[in-house]
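We did not get these values from a lab; they are worked out from the coordinates using the rules stated. Because the structure is predicted, anything quoted here is derived from the model rather than measured. Reconstructed Cβ throughout: ideal geometry from the backbone, glycine too, with neighbour counts over all protein chains shown.
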Amino acid sequence: MKINLRKLAKGKPCMIRIQGYCNHDPSHTVLCHSNLAGLSGMGMKAPDLCAAWGCDICHGVVDGRYTAREFSPLEIDVMFYEGAMRTLAEVSKELGL
């Protein structure tokens, strides 16, 4: 069974949930990929399984397009990886795993 996790993200709630930034608008949710070294890099995107459903704003903070000065890079990473775990839990429910 092949699942398109990018398409599955459409209309889902943001799972990254960066306080003060998240727009909580499911119509803006996309699959946000991990930036972990070794999984991604120049011209290389992490596998879809290494991702979280995120609104466009949370995605921008995680990717560094928006600056969230009140959070350290480590805190942003933690919020992303917590979101990735919440995403995996929801995907597993949808697939009946």
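Go through PRO13, VAL61, PRO73 and say which Cα lies farthest out towards the positive end of the charge dipole of the chain; charges sit on Cβ, +1 for Lys and Arg, -1 for Asp and Glu.
In the chain, that residue is PRO13.
Given charges of +1 on the Cβ of Lys and Arg and -1 on the Cβ of Asp and Glu, with all other atoms neutral, how large is the dipole of the stretch 5-95 about its Cα centre, in debye to the nearest 20?
With Lys and Arg at +1 and Asp and Glu at -1, about 260 debye.
Rounded to the nearest 500 deg cm²/dmol, what is the calculated helix-only ellipticity per residue at 222 nm for the chain, with -39500 (n - 2.57) per DSSP H run of length n ≥ 4?
-11000 deg cm²/dmol, from helical runs alone.
Counting Lys +1, Arg +1, Asp -1, Glu -1, what net charge surrounds ASP25 among other residues with beta carbon under 14 Å of its beta carbon?
With Lys, Arg at +1 and Asp, Glu at -1, the net is +2.
To make sure I understand the rule: partners must be lysines, Cα under 16 Å from the Cα of LYS12, and not fewer than 8 residues away in the same chain. Which ones qualify?
Straight-line reach from LYS12, under 16 Å: LYS93.
Of the listed values (i) 0.98; (ii) 0.96; (iii) 1.34, grab the one calculated as Rg/Rh (Cα atoms, Kirkwood Rh) from the structure here.
(ii)
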